[in-house]
Amino acid sequence: MDKLEQAAFVDAFGTHVSGIDDKIVADFVARYESGEDVDYSWEYTPIMDALGMWHSAIRYQLERARDGKI
């Protein structure tokens, strides 16, 4: 994820998923995407769940585009 996509994820997460402070979400995503071994404590569980869905949705759309379905 580049910085722009990270910002889009933070915005979408804050709007649709949870009231966790945007700074906490942004920090977690940046650390996760850099490959840092982050602690998946209870407050990060919804971020990790949403991040997995985010990556799956992007992969799905890329596969559809590759197959000429969109």
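List of remarks:
- Only listed residue being in a loop (DSSP other than H, G, I, E, B) and of a type outside the set (A, V, I, L, M), chosen from LYS23, LYS69: LYS69
- Meets criteria (surrounded by fewer than 14 Cβ atoms within 10 Å (Cβ to Cβ), touching a residue at least 24 places away in the same chain (Cβ under 8 Å) and small (Gly, Ala, Ser)) for ALA12: yes
- One residue from TYR40, TYR60, TYR44, TYR32 being among the aromatic types (Phe, Trp, Tyr) and assigned to a loop (DSSP other than H, G, I, E, B): TYR40
Residue-by-condition table, conditions (1) among the hydroxyl-bearing types (Ser, Thr, Tyr); (2) exposed (fewer than 14 other Cβ atoms within 10 Å of the Cβ); (3) out of contact with any Phe, Trp or Tyr (no Cβ under 7 Å at 6 or more places or on another chain); (4) modelled with pLDDT of 95 or more:
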position: LYS3; (1), (2), (3), (4): no, yes, yes, no
position: ALA26; (1), (2), (3), (4): no, no, yes, yes
position: GLY35; (1), (2), (3), (4): no, yes, yes, no
position: SER41; (1), (2), (3), (4): yes, yes, yes, no
position: ILE47; (1), (2), (3), (4): no, no, no, no
position: GLU63; (1), (2), (3), (4): no, yes, yes, yes
position: GLY68; (1), (2), (3), (4): no, yes, yes, no
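The values are calculated or read from the model by the stated rules, or taken from the named source; none is laboratory data. Everything numeric in this text was worked out from a predicted model, so none of it was measured. A quick note on method: Cβ atoms are made from the backbone with ideal geometry, for glycine too, and the neighbour counts reach across all protein chains shown.
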